[in-house]
Amino acid sequence: MLKEKLPSSVYPVSDEALTSGCVVYLLLSSDTLFRFDIYSEEHILIFALSTINDFKPYASRLIKFHGKLGYFSISGDRLWAIWVFIHNRWFK
C-alpha cells in the first residue's frame, strides 16, 4: 500500500498515464516521473529530462517507444527530442 504522500504542490500534469507491463508512469508537475509497480506496490520518482538537461520544454509527454518508456518534448524554439529510459538512464 502506498503510504507516502507527494507534496500538495506536486500533481500529475495530465490525466494520461503510460503503462508498461505491470508498471504505471505519470508525469508530475515537478518535472519528475512517478513510477508505480502494480504487483509490488512500490514506487520511485525519476527525474525528467528538463531537470538534468539545458533543454527547456514548451510541451512534453510520456510515450512508448519500441516498448520502452519515452519522453517527447518540444522547446519554445520548435526543437524536439525523444528520449528513452533504458536501464535507469535516459538515452537520446
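The values are calculated or read from the model by the stated rules, or taken from the named source; none is laboratory data. Remember, predicted model here, so these are calculated numbers, not experimental data. As a convention, Cβ positions derive from the backbone with ideal geometry for all residues, glycine included, and neighbour counts pool all protein chains shown.
Of note:
- Residue selected from the range 6-16 under the condition without any contact (Cβ under 8 Å) to a residue 40 or more places away in the chain and within 19 Å of residue 37 (Cα to Cα), by the criterion surrounded by the fewest Cβ atoms within 10 Å (Cβ to Cβ): 15
- Contacts under 9 angstrom Cβ, first residue in the range 25-47 being without any contact (Cβ under 8 Å) to a residue 40 or more places away in the chain and over 21 Å from residue 61 (Cβ atoms), partner hydroxyl-bearing (Ser, Thr, Tyr) and surrounded by fewer than 17 Cβ atoms within 10 Å (Cβ to Cβ), 6 or more apart: 38/19
- Residue check, residue 60 touching an Asp or Glu at 6+ places or on another chain (Cβ under 9 Å) and modelled with pLDDT of 75 or more: yes
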